[in-house]
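Just below is one structure, and these are the notes that go with it.
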Amino acid sequence: MNQGLLLRFENLVQLRGACQQLRALSSRKVCGARWTPVEVSAHPMGSLPLHPQLWPKHRLISAALAQCRHLATKEETKKKKKKIPLTKGEVEIRQKMTVEELAQAMGKDIDHIYEVLLYTNINLDSVEPDSILSEDHIKMIVQKSGMKYKSAKLKEEKERKNTDAVKRPPADPAVLTPRPPVVTILGHVDHGKTTLLDSLRKTQVAAMEAGGITQHIGAFIVHMPSGEKITFLDTPGHAAFSAMRARGTNVTDIVILVVAAEDGVMQQTIESIQHAKNAGVPLILAINKCDKPEADPERVKKELLAHDVVCEEFGGDVQAVNISALKGENLMVLAEATVALAEMLELKADATGLVEGTIIESRKDKGKGPLTTAIIQRGTLRKGCVLVAGKTWAKVRFLFDENGRAVDAASPGIPVEIMGWKECPSAGDEILEVESEQRAQEVVAWRAYVEQQEKMKKDLEVIEAKQKEHRLEYEKQQQKLAHLTWRQRKAVLYKASKQLMFSRPKERTEMDENTLSLIVKGDVDGSVEAILNILDSYDCEDECKLDIVYFGMGDISENDISLAEAFNGVIFGFSVKANESIKKLADKKGIKIKLHNIIYKLIEDLKDELNSRLPPIVVETTVGEASVLDTFSVTVGKNKIPVAGCRVHKGLLDRKMKFKLIRNRDVIWKGCLSSLKHHKDDVQVIKTGMDCGLSLDKNLEFSIGDEIICYEEKEVQQTTSWDPGF
């Protein structure tokens, strides 16, 4: 028994010595943290020496670790992490890096990035490993980590070689051969441009056009009796087709300006003169409709002086020819003047080598696919040639002249319709022939790449501007909430987001009601372009928003119906068709399809559709007016009711309608009458010149000289204030 007590006493002494040594080590920061003793097992510790000061230090520490635990708080852990020295070096950064990518570039873990972001205004709740960081935040994280940054070079741009197709150098004058002049007919709408060309060609072009006005460019060859060929471009004169006229002058050699003798210089006449001046093209003046009694050619010539168009008889260099396109008068004189001017210009071209040209118009045909009308400017185009225009290419399958007949080749100055395009190029695009289909694909890929890079650059500028705007908003919001605790801040933000969430459906409904979504389809690229240019002038977004969901060429398709259904839109088609199955599908889904062949009728229909989206306004129409001549009161039960003695001096007073009380030109009351009497009799109507007594449904005091106005309210449909300019 005594031996057992002695053994237990020895164990207690050993434990006391171990604790003293541990406390000494802790005070010298050997372990760097605070150690606390815990309960010891009742079993013997084994054979330990009686003198603890003679124990090896490693055995002492291992024994203490077996019987103690380490207590560390979160604050101590953070301090410990912050004291770790950061490896210095250069970090290669680039735009749009994610949190994970930046951590890999720095050689750190993601938690390190999160820790540095604590010093920024970024909400860490919304940051994920794949979240994109702004360039400013990336630089700040690197600097806070004790590192330097350098911008990564775009390797792709260095490796990517420019594979675009370019024009050939100027040809040797020895190989140049004469070519037909390209003549564009310009002028105001309905001044007789197409009729003039029709008379020259001896065809019925004007009779086939919708509304008698040209809807897109027509390119034709006219064979003169003397054997010369002249290529004519007939451009639209309507205000909507300004871009088409500009394209016509860019590929032409001579401009024939058609002016009606009875109308004189009009808006599109001035615009046509400006197009010719910008292109540096000489003018020939054709004064049309000279057979009419009210024709005054001299007035036209004088009006043109104000626009720097000086005719030869006034000492200028512009030839003027009086014609009648309808009756065919003086047309040969005009043609001879054109040929003479062409000879002076000495128009020549290189008919050998790779083809160069310009697309005048493009369209889609159901049987033939994408088609383009083009003017060849260099080389000779044949079947099998590989062409590039814009971001598409073609292997020429067929060539057609202006009458739809297949031809084998087209030389410089000749208009031709090309079949074989992969997609429709844009009107005005430059045509270049390349050696092979593979080369054409390289050119198209390069152009698509360049466009993508430009788009990315613009998008990046927009993104950076938005990020800056959102950062400023966030900082303002944080300043407002700076005096609150983090729990209060969370509560405020939760309430704000909850309120926004519940308000969204209402905002979406209002947006849908005040937005007109459009799907625009046209027969050719130029028609669609003209419509879009008109829509660009829309400036009444406060009345009704205009959203162009899709535009393209070709007939109405099921895809158009699906888009219109998804966006609650309207389909507008210009010179296109919709088959019966498409019409039935649209009727079933409640989609409006509006088809037109004349541009100004399409715009009028569009304005009507905009008007239908505007809310009606209430208009007040005055029915009668009366003046208060005297005031008195009538006792009804215990209440005194003010009564006005009035005389009607205009129109009539109808008790069923609404009334307003005007005093000193201010409306002080609106509502319905409570009573209307004539000689103590209740009446419904008081006519002009009659006296009456009336009281209002509120106990308002009358004053002599007050005006009583009887009026009715009507809802009137608003009309848009948008003016497309014609």
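The numbers here are math on the coordinates, done by the rules we state, and not lab data. Since the structure is predicted, the reported quantities are computational estimates derived from the model, not experimental observations. Using ideal geometry, Cβ is built from the backbone for each residue, glycine included, and neighbour counts are taken over all protein chains shown.
Could you tally the net charge around residue 629, taking each other residue with its Cβ under 12 Å from the Cβ of residue 629, Lys/Arg +1 and Asp/Glu -1?
Every neighbour counted, the sum reads -3.
With Cβ to Cβ distances under 9 Å as the rule, what net charge do the other residues near residue 168 carry (K, R +1; D, E -1)? Kindly include the intermediate steps, with their values, before the conclusion.
Values: positive: 167, 378; negative: 350, 356.
So the environment of residue 168 carries a net charge of 0.
Sorted by packing (mean other beta-carbon atoms within 10 Å per residue), highest first, where do 90-97, 703-710 land?
Top of the packing list down: 703-710, 90-97.
What whole-number volume per residue, in cubic angstrom, does the convex hull of the C-alpha atoms of region 515-613 give?
84 Å³
In whole Å, largest first, what are the principal axis extents of the Cα atoms in region 262-322?
Computed over region 262-322, the largest-to-smallest principal extents equal 35, 25, 17 Å.
What do you get for trypsin sites (Lys or Arg not before Pro) in region 405-450 restricted to DSSP loop and a cutoff of at most 15 other Cβ within 10 Å of the site's Cβ? Don't skip to the answer; put the middle values down first.
Details: sites: 405, 422, 439, 447; in loops: 405, 422.
Passing both the DSSP loop test and the Cβ count: 405, 422.
Calculate one ³J(HN,Hα) per residue across region 170-180 by plugging θ = phi - 60° into the Karplus curve 6.51 cos²θ - 1.76 cosθ + 1.60, and present them in order as whole Hz with x for glycine and proline.
Residue by residue, region 170-180 yields x, 6, 5, x, 5, 9, 6, 10, x, 9, x Hz.
Step through the residues of region 704-715 one at a time and calculate ³J(HN,Hα) from phi using the Karplus curve (6.51 cos²θ - 1.76 cosθ + 1.60, θ = phi - 60°), rounding each to whole Hz and writing x for Gly and Pro.
Each residue of region 704-715 in turn: 5, x, 5, 10, 10, 10, 9, 9, 10, 9, 10, 8 Hz.
Can you compute the FRET efficiency between residue 121 and residue 545 using 1/(1 + (r/R0)^6), with r the Cβ-Cβ distance and R0 = 30 Å? Round to the nearest 0.05.
Step by step, r from the Cβ atoms, then E = 0.35.
Assuming R0 = 41 Å, what is the FRET efficiency of residue 329 and residue 175, from their Cβ-Cβ distance, to the nearest 0.05?
After rounding, the FRET efficiency stands at 0.45.
Where Rh is the Kirkwood radius over the Cα pairs of region 307-465, the temperature 25 °C and the viscosity 0.890 mPa s, what D in µm²/s does Stokes-Einstein return?
131 µm²/s
What is the mean projected area of the alpha carbon convex hull for region 617-716, to one decimal in square nanometres?
The number I arrive at for region 617-716 is 6.4 nm².
Taking only the alpha-carbon atoms of region 297-344, what semi-axes of the equivalent ellipsoid follow from 5 times the gyration tensor eigenvalues under a square root, in whole Å, largest first?
They are 20, 16, 7 Å, listed largest first.
Would you mind checking the pairs 458/594; 193/301; 277/607; 521/584 and listing those with alpha carbons more than 24 angstrom apart? The partial results should precede the final answer.
Working: 458/594 35 Å; 193/301 18 Å; 277/607 34 Å; 521/584 19 Å.
Correct reply: 458/594; 277/607.
For the pair residue 670 and residue 468, how long in nm is the line joining their label points, each one 7 Å along Cα→Cβ?
Modelled inter-label distance: 4.7 nm.
Could you work out the local net charge near residue 313, counting Lys and Arg as +1, Asp and Glu as -1, over the other residues with Cβ closer than 12 Å to its Cβ?
On the way: positive: 301, 302; negative: 298, 312, 317.
Taking every Cβ under 12 Å from that of residue 313, the sum is -1.
Quick one: compute a quarter of the convex hull surface over the Cα atoms of region 356-434 and quote it in nm².
Working: hull surface 17.2 nm².
Result: 4.3 nm².
Distance between Cα centroids, region 627-652 to region 553-570: provide it in whole Å.
For region 627-652 versus region 553-570, the Cα centre distance is 63 Å.
I need the peptides 186-193, 532-539 ranked by packing, meaning the mean over residues of other C-beta atoms within 10 angstrom, with the highest value on top.
Taking the mean over residues of other Cβ atoms within 10 Å, the ranking is 186-193, 532-539.
Order of 616-628, 451-463, 279-291 by packing, highest average Cβ count within 10 Å first? Intermediate values should be presented prior to the final figure.
Details: 616-628: 14.8, 451-463: 11.2, 279-291: 20.7.
In descending order of packing, they fall as 279-291, 616-628, 451-463.
May I ask you to list the residues of region 444-462 whose amide nitrogen lies under 12 Å from a point 7 Å from Cα along the Cα→beta-carbon direction of residue 130?
none
What aspartates and glutamates does residue 588 reach when the alpha-carbon gap must be under 18 Å and sequence neighbours fewer than 8 apart in one chain are set aside?
Cross-link targets: 558, 560, 565, 580.
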